[in-house]
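First the structure, in the form of structure tokens, and then the observations on it.
The values are calculated or read from the model by the stated rules, or taken from the named source; none is laboratory data. Just so it is clear, the structure is predicted and the values come from calculations on it, not from any experiment. Here the Cβ positions follow ideal geometry from the backbone for every residue, glycine too, while neighbour counts run over all protein chains shown.
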Amino acid sequence: MTGCKRIALVTGANKGIGLEIARQLAYSGSYVIIGARDPGRAEAAVNDLASQGLTAKSLRIDLNDQASIQAAAEIIRAEHGKLDILVNNAGIVDAEDGPPSAASPDAARRVMDTNFIGTLAVTQAMLPLLRQSAAARIINLSSSLGSLALNGDPTSPYYSARLIGYNASKAALNMLTVQLAEELRDTPIVVNSVSPGYVKTDLTGHNGFMTAEEGAALPVKYALLGEDAVSGRFVEPNGETPW
């Protein structure tokens, strides 16, 4: 059915940046799989793309449910035999997160479990499929808030954004990028952390400077990198982000 098309999985793709990444990848000619916890919302996203003549399908993937992750990997293996693009977009914030002195430890745990541990679980489950691709790409949706350098720089606009759970989860995600890129150095799999910018979505309370469409552009660019792709980078719209 999908022939030689790139097969792309985008987690948390039922809305926001994830949906726009899925849309732009579909426009590029990729066959897009929308991963989401809620099957109804995922199917609504598939219908949204279908209304524009774009083909996609949905799979239930809950980053806190290992069985759902393994089931999704098995379906992709059975239907496509490979995965060319993995966009680890799904993530959460928590109202009880905050500065280290006041954040709820349970909130920090919830954020870390989803944003880092859940992403690690998805990546591990999909790696055998990514290894079947001639040129696989893994995009970890990070944030400038995950930069230790920027968090420690009083002149940075991110200096006062003290959300210990969220910021730490993105710093941990960056560590996944660094270590996985090195582990896969002698393979065709390229791994990068991409900070899309401050985007108006539900996650940010619709604050921000960019639309979801604009925020999706850089992750999609890195998902579609050619043979000269560089691995193990942390980038944002203005260029490299310090670790």
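The sole residue among 106, 65 that is among the charged types (D, E, K, R), under 28 Å from residue 163 (Cβ atoms), surrounded by fewer than 19 Cβ atoms within 10 Å (Cβ to Cβ) and within 20 Å of the chain's Cα centre (by Cα) is 65. Being in contact with a Phe, Trp or Tyr (Cβ under 7 Å, 6 or more places away or on another chain), under 23 Å from residue 136 (Cβ atoms) and not small (Gly, Ala, Ser), is that true of even one residue in segment 7-14? The answer is yes; a qualifying residue exists. Of the residues examined, residue 181 is not one that is surrounded by fewer than 23 Cβ atoms within 10 Å (Cβ to Cβ), closer than 22 Å to residue 64 by Cβ and of a type in the set (Gly, Ala, Ser).
Scanning segment 97-138 for residues that are farther than 15 Å from residue 173 by Cα, outside any helix (DSSP H, G or I) and not polar (S, T, N, Q) yields 97, 98, 99, 100, 102, 103, 131, 134, 135, 136, 137.
Return a yes/no flag: does segment 93-106 have any residue that is in contact with a strand residue (DSSP E or B) (Cβ under 9 Å, 6 or more places away or on another chain) and either at pLDDT 95 or above or of a type outside the set (Ser, Thr, Tyr) (or both). Walk me through how you get there before you give the answer.
Let us first name the residues in segment 93-106 that are in contact with a strand residue (DSSP E or B) (Cβ under 9 Å, 6 or more places away or on another chain), namely none.
No, segment 93-106 contains no residue that is in contact with a strand residue (DSSP E or B) (Cβ under 9 Å, 6 or more places away or on another chain) and either at pLDDT 95 or above or of a type outside the set (Ser, Thr, Tyr) (or both).
Only residues that are in contact (Cβ under 8 Å) with a residue 60 or more places away in the chain and small (Gly, Ala, Ser) were counted in segment 42-71, giving 0. Based on this model, can you work out whether residue 145 counts as within 21 Å of residue 113 (Cβ to Cβ), at pLDDT below 90, in a helix (DSSP H, G or I) and hydrophobic (A, V, I, L, M, F, W, C)? Taking the combined requirement at face value, the residue does not satisfy it. When you look at residue 196, is it in a loop (DSSP other than H, G, I, E, B), touching a strand residue (DSSP E or B) at 6+ places or on another chain (Cβ under 9 Å) and either modelled with pLDDT of 80 or more or within 20 Å of residue 82 (Cα to Cα) (or both), yes or no? It is true that residue 196 is in a loop (DSSP other than H, G, I, E, B), touching a strand residue (DSSP E or B) at 6+ places or on another chain (Cβ under 9 Å) and either modelled with pLDDT of 80 or more or within 20 Å of residue 82 (Cα to Cα) (or both).
Cβ-Cβ contacts under 6 Å between residues 6 or more apart (or on different chains), taken from a first residue in segment 201-221 that is at positive phi and surrounded by fewer than 16 Cβ atoms within 10 Å (Cβ to Cβ) to a second residue that is modelled with pLDDT under 70 and of a type in the set (D, E, K, R), are listed as 206/200.
Within the set 42, 26, 13, the sole residue that is in contact with a strand residue (DSSP E or B) (Cβ under 9 Å, 6 or more places away or on another chain), closer than 21 Å to residue 110 by Cα and crowded, with 18+ Cβ neighbours inside 10 Å turns out to be 13.
Candidates in segment 109-135 are the residues that are under 18 Å from residue 59 (Cβ atoms) and of a type in the set (A, V, I, L, M, F, W, C); of these, the one that is farthest from the chain's Cα centre (by Cα) is 129.
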